[in-house]
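The values are calculated or read from the model by the stated rules, or taken from the named source; none is laboratory data. Keep in mind that what you see is a predicted model, and the values were worked out from it rather than measured. Here the Cβ is made from the backbone with ideal geometry for all residues, glycine too, and neighbour counts use every protein chain on show.
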Amino acid sequence: MASSPSICCAEGGHSALQALLGRDRKGTISLLLYASGVGLSFVAPWAALLCYTAVAPIWLMPDRRIERLTEHG
């Protein structure tokens, strides 16, 4: 899990947070965008900048799954 490995390790492999997060969509999308940006930087630097810029809003949006866990917690 790319987004919160230390938190999940501290809580253990069977923590409520680990079960809640499951697949890390934000981390996967970010990795794909960054990798695309690196590849594009050699042929179209402006497209690479778009890829890098697209990652920021993804991480600025709160994860509703975690919010639900803290509300019920």
Can you say whether residue 29 is surrounded by 11 or more Cβ atoms within 10 Å (Cβ to Cβ), in contact with a Lys or Arg (Cβ under 8 Å, 6 or more places away or on another chain) and part of a helix (DSSP H, G or I), as far as the supplied structure shows?
no
Could you list, ordered by first residue, the pairs with Cβ atoms under 7 Å in which the first is in the range 49-65 and over 19 Å from residue 38 (Cα atoms) and in contact (Cβ under 8 Å) with a residue 40 or more places away in the chain and the second is surrounded by 11 or more Cβ atoms within 10 Å (Cβ to Cβ) and not basic (Lys, Arg), at least 6 apart or interchain?
65/20; 65/21
In the range 34-73, what residues are surrounded by 10 or more Cβ atoms within 10 Å (Cβ to Cβ), of a type in the set (A, V, I, L, M, F, W, C) and more than 11 Å from the chain's Cα centre (by Cα)?
35, 38, 40, 44, 47, 48, 49, 50, 51, 54, 66, 69
Being of a type in the set (A, V, I, L, M, F, W, C) and either in contact with a strand residue (DSSP E or B) (Cβ under 9 Å, 6 or more places away or on another chain) or under 17 Å from residue 58 (Cβ atoms) (or both) is the filter; apply it to the range 11-36 and report the residue that is modelled with the lowest pLDDT.
21
